[in-house]
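K.L.:
Attaching a single structure in structure tokens format; questions to follow.
Only the coordinates and a few stated rules stand behind these numbers; no lab work does. Just so you know, these numbers come straight off a predicted model, no measurement behind them. Neighbour counts are summed over all protein chains in view; Cβ atoms, including those assigned to glycine, are modelled from backbone coordinates with ideal geometry.
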Amino acid sequence: MKIIAIILLAMGGALGFARTVHVTDFGPTETDATAAFQAALDSNADVVIVDNPGYTYWVNPLYLRSNQELVFKDGVVVQAMKGGFKGTNDSLFKGVDVENVIMRGEGTAVLQMNKRDYWDKSAYRPAEWRHAIALLSTRNVRISNLTIRSSGGDGIYVSTSNESRRQYCKDTLIEDCLLDDHHRQGISVIGAENLLIRNCVLQNTQGTAPQCGIDFEPNHAEKEALLNCVVERCRFVKNAFAGILIHCPGQRIPIDITFKDCVISDNRHGIVCSLDFNEESPSKGLVKFQNVTVEDNAASILIRNTRPEGPVVLFQNGVVKAMGDTGTVMDFSTTFPQDFGNVIFDDLRVVKSAKQTLLTLNNPRGSGLVLPPGQITVEDAVSHEQTIVPTEELNVLYPRNETMANFAVMPLKTQGLKPATDQADGKSSFALRSSFIPYYQYVKADTELVMDFRVLFLADTDNPVDCKVIDTQNETQIAEFRFTEPTFTWRYVPPTTTVLRLEFNTHRKSILIESHHPGFGFGAYPAFKAFRSTGELYFVVPKELEEVVVKVQGDDNEAVQIEIVDGQGQVRATSEYTAAAQLLTIPREATAAPEWWRVRVVKMVEDYSIQLAAPIPPILYSSLLNVLE
């Protein structure tokens with residue numbers, strides 16, 4: 001990275017003696033400087049001076065050119081035009097395939113957009129790509145000493161152009177910048193090689209997910225890379241989700257990211273790492289946190305899906321100061337059957353209260369904790385007494401759980417199922433939220449089906465609720481529909497008598513489903529997923545079954561508590577109020593006929609999942625009037 005800095009500085013010095021123009025040479029007006037500004041960029045000048053005319057430069061989207069230095073003089077404000085930027089990809093400055101570009105401020109220079117205007121759905125199509133500076137497949141770009149505010153996407157976006165033969169940005173330097181009040185991220189890094197970000201402040205991100213200070217998140221696992229990316233001496237403050245997010249869904253090119261001497265404070269999460277999503281083929285690479293301070297965040301460190309054969313996360317020196325008196329300092333979770341590992345602690349210090357848990361592992365598939373040798377210095381926040389905790393002691397707390405690992409849910413067999421009654425209780429207190437929600441409905445040939453849907457939680461997305469309708473007799477899709485409005489009615493006249501499976505993707509919204517046609521229930525294969533809902537759900541226990549096993553988990557690290565009620569109305573098991581996956585195992589004697597048991601959801605934070613172990617049919621009913629048998 002030192003080589004990049006030297007090249008850029010040398011380039012800046014050389015351009016200082018080359019042809020220079022001023023934006024004011026091209027006749028900007030106080031109401032619209034777009035044409036003049038773009039003319040200066042298109043002039044082939046080596047240096048474009050963005051001089052201070054005593055008024056704001058109001059502009060529509062501008063496009064960077066290669067082999068050019070932009071110097072923003074003290075007091076300059078470049079402001080996105082009010083009522084402009086209607087395109088969902090309109091950026092204040094965009095560079096596509098450009099190279100050898102410098103954007104530097106002198107004194108105080110501001111690049112600013114109108115984030116809150118873009119939230120007005122009557123005036124703007126919702127989007128997350130109205131960036132302040134978009135770099136697409138660029139080479140040798142330097143951005144320095146600028147205040148960049150209030151974009152409709154990211155303050156700076158570093159990515160790949162779909163039209164370019166280049167894979168990603170190379171040789172990028174971002175330094176001494178303030179990234180403030182952006183809609184999605186302060187900086188998003190989709191693909192980069194030789195990226196250096198230093199002496200920057202990334203703060204107050206709030207608008208649409210993920211809402212982080214910085215996010216390293218490739219779009220394409222096969223072709224995009226994060227190579228030699230260094231972030232040093234930066235601050236990540238008051239971002240709505242995380243100060244730092246690294247989300248790499250199965251990268252084929254090993255990742256290489258280093259954070260040095262950074263401070264992450266007052267965010268919802270300090271550091272969130274999700275580094276591997278391919279169960280069969282682990283990603284590779286290294287993410288280092290060297291002398292990093294994580295302090296006063298609502299949650300400090302969250303790491304997902306790291307295993308011994310996958311990427312390495314290294315904490316070297318540094319300190320974590322946990323906020324509050326309860327909760328977990330480091331939250332580990334995995335969806336893999338393999339054990340959780342490859343997080344290395346090299347003399348990390350953690351300051352916490354006596355009631356706070358140092359580390360938890362959420363392992364719904366029974367994975368154990370196998371951290372490499374290392375140690376954490378734990379300091380009591382009140383007494384300041386210090387204790388050395390070797391990672392071997394932490395591994396002992398979370399051994400592999402073979403019972404959990406062997407838990408299995410069987411697919412639902414619908415052939416021959418019919419309503420048990422000719423009535424229906426269409427009301428349900430359970431709101432559903434997931435990318436896959438199966439719902440089963442019996443239908444009669446040539447009899448109109450009418451179903452009502454109500455959206456209870458809109459989240460921060462304008463995507464519709466999508467639904468595919470499958471005829472389970474032959475597993476073929478027979479219909480599909482979508483809706484965006486708060487209430488929606490779907491009507492359908494089936495040509496045959498069958499059981500339909502409606503597969504919903506709620507796109508982070510939650511929905512209530514109401515049917516007044518007999519024979520319907522919530523699918524629990526692979527899991528029943530609900531949101532902000534309590535109440536009771538019925539399930540059938542086969543007559544010969546001698547052990548009922550129910551699995552419950554709070555999704556997104558959110559606690560939930562349930563009870564299992566048997567056929568005689570007795571509470572047979574109660575889970576702890578926690579987000580961790582739990583198995584409730586209840587012995588029973590075989591009976592002469594199947595029994596109807598209940599899952600009673602006592603309390604929850606928001607999202608949770610429930611699963612029924614085979615051979616229990618994976619379907620839950622809100623009322624015994626609705627059952628299929």
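K.L.:
Would you work out which of 583, 329, 144 lies farthest towards the positive end of the dipole of the chain, given +1 charges on the beta-carbon of Lys and Arg and -1 on that of Asp and Glu, about the Cα centre?
P.N.:
The residue sitting farthest along the positive end of the dipole is 144.
K.L.:
Tell me which residues come under 5 Å, amide H to amide H, from residue 572 once H is placed; ignore anything under 5 positions away on its chain.
P.N.:
Under 5 Å from the amide H of residue 572 lie the amide H atoms of 564, 565, 566, each far enough along the sequence or on another chain.
K.L.:
Which percent, to the nearest 5, of DSSP beta bridges fully inside the chain are antiparallel? If you can, show how the numbers build up before the last one.
P.N.:
Numbers: 79 of 211 bridges.
Just about 35 percent of them are antiparallel.
K.L.:
Place the peptides 65-77, 536-548 in order of packing, highest mean first, counting for every residue the other Cβ atoms within 10 Å and averaging per peptide. Let's see the in-between values first.
P.N.:
Working: 65-77: 19.5, 536-548: 16.8.
Sorting 65-77, 536-548 by mean packing, highest first, produces 65-77, 536-548.
K.L.:
Modelled label-to-label distance, residue 25 and residue 473, 7 Å Cα→beta-carbon offset: nm?
P.N.:
So the label points at residue 25 and residue 473 sit 7.8 nm apart.
K.L.:
Rounded to the nearest 0.05, what FRET efficiency is calculated for residue 571 and residue 436 with R0 set to 35 Å and r the Cβ-Cβ distance?
P.N.:
Details: r = 31 Å, r/R0 = 0.88.
Efficiency, from the Cβ-Cβ distance: 0.70.
K.L.:
If you take the square roots of the eigenvalues of the alpha-carbon gyration tensor of segment 437-626 and sort them as a ≥ b ≥ c, do you get rounded (a/c under 1.5), prolate (a/b over b/c) or oblate?
P.N.:
It is oblate, given that a/c is not under 1.5 and a/b is not larger than b/c.
K.L.:
Check which residues have an amide H placed less than 5 Å from residue 374's amide H, if you skip close sequence neighbours.
P.N.:
391, 392
K.L.:
Nothing charged except the Cβ atoms of Lys and Arg (+1) and of Asp and Glu (-1): what's the magnitude of the dipole of segment 437-626 about its Cα centre? Round to the nearest 20 debye.
P.N.:
On the way: 17 positive and 26 negative charges, 40 e Å.
Dipole magnitude for segment 437-626 comes out near 200 debye.
K.L.:
Here's something else I'd like to know. Can you give me the long-range amide H partners of residue 535? Hydrogens built in the peptide plane at 1.01 Å from N, cutoff under 5 Å, separation of 5 or more residues or another chain.
P.N.:
Distant-sequence amide H within range of residue 535: 601.
K.L.:
By how many nm would the segment from residue 496 to residue 445 lengthen if fully extended, with 0.36 nm per residue of separation less the alpha-carbon distance?
P.N.:
Values: separation 51, 0.36 × 51 = 18.36 nm, distance 0.41 nm.
Stretched fully, the residue 496-residue 445 segment lengthens by 17.9 nm.
K.L.:
Rank the residues 604, 404 as a footprinting-exposure proxy: fewest other Cβ atoms within 10 Å of their Cβ go first. Spell out each step's value before the answer.
P.N.:
Values: 604 22, 404 17.
So the ranking, lowest neighbour count to highest, is 404, 604.
K.L.:
Then there is this: On full extension of the chain, what length is gained from residue 563 through residue 425, given 0.36 nm per residue of separation minus the C-alpha to C-alpha distance?
P.N.:
Numbers: separation 138, 0.36 × 138 = 49.68 nm, distance 2.27 nm.
Using 0.36 nm per residue and subtracting the Cα-Cα distance, I get 47.4 nm.
K.L.:
Going 7 Å from the Cα of residue 121 in the Cα-to-Cβ direction, what parts of segment 465-508 have a backbone nitrogen less than 15 Å from that spot?
P.N.:
Counting only backbone N, you get 465-466, 483-488, 507-508.
K.L.:
Turning to a different aspect of this structure: Full-extension gain between residue 413 and residue 544, please, as 0.36 nm times their residue separation minus the C-alpha to C-alpha distance. Let's see the in-between values first.
P.N.:
On the way: separation 131, 0.36 × 131 = 47.16 nm, distance 1.81 nm.
Result: 45.4 nm gained on full extension.
K.L.:
For each pair in 170/260; 238/260; 413/543; 529/603; 94/284, compute the distance between the two Cα atoms and list the pairs where it is over 25 Å.
P.N.:
Values: 170/260 20 Å; 238/260 20 Å; 413/543 17 Å; 529/603 14 Å; 94/284 32 Å.
Cα-Cα > 25 Å for 94/284; rest within.
K.L.:
For an R0 of 25 angstrom, estimate the FRET efficiency from the Cβ-Cβ distance between residue 233 and residue 166 and round to the nearest 0.05. Don't skip to the end; give the middle numbers.
P.N.:
Numbers: r = 29 Å, r/R0 = 1.16.
That pair, residue 233 with residue 166, gives E of 0.30.
K.L.:
Run the quick spin-label model on residue 353 and residue 223: label points 7 Å from Cα toward the beta carbon, then report their separation in nm to one decimal.
P.N.:
5.1 nm
K.L.:
Rounded, prolate or oblate: which one fits segment 342-389, using the alpha carbon gyration tensor with axes a ≥ b ≥ c (rounded when a/c is under 1.5, else prolate when a/b beats b/c, else oblate)?
P.N.:
Values: a/c = 3.79, a/b = 1.59, b/c = 2.38.
Oblate, since a/c reaches 1.5 and b/c is not below a/b.
K.L.:
Where the only charges are on Cβ atoms (+1 Lys, Arg; -1 Asp, Glu), what is the dipole of the chain about its Cα centre, to the nearest 20 debye? Could you put the intermediate results ahead of the total?
P.N.:
Numbers: 59 positive and 77 negative charges, 121 e Å.
Approximately 580 debye in magnitude.
K.L.:
Using a Förster distance of 25 angstrom, determine the FRET efficiency expected from the C-beta separation of residue 380 and residue 263, and round it to 0.05.
P.N.:
For R0 = 25 Å, the calculated efficiency reads 0.65.
K.L.:
Then there is this: Specify the angular offset, from 0 to 90 degrees and rounded to the nearest 10, of the alpha carbon long axis of helix 2-15 from the longest principal axis of the alpha carbons in the chain.
P.N.:
40 degrees
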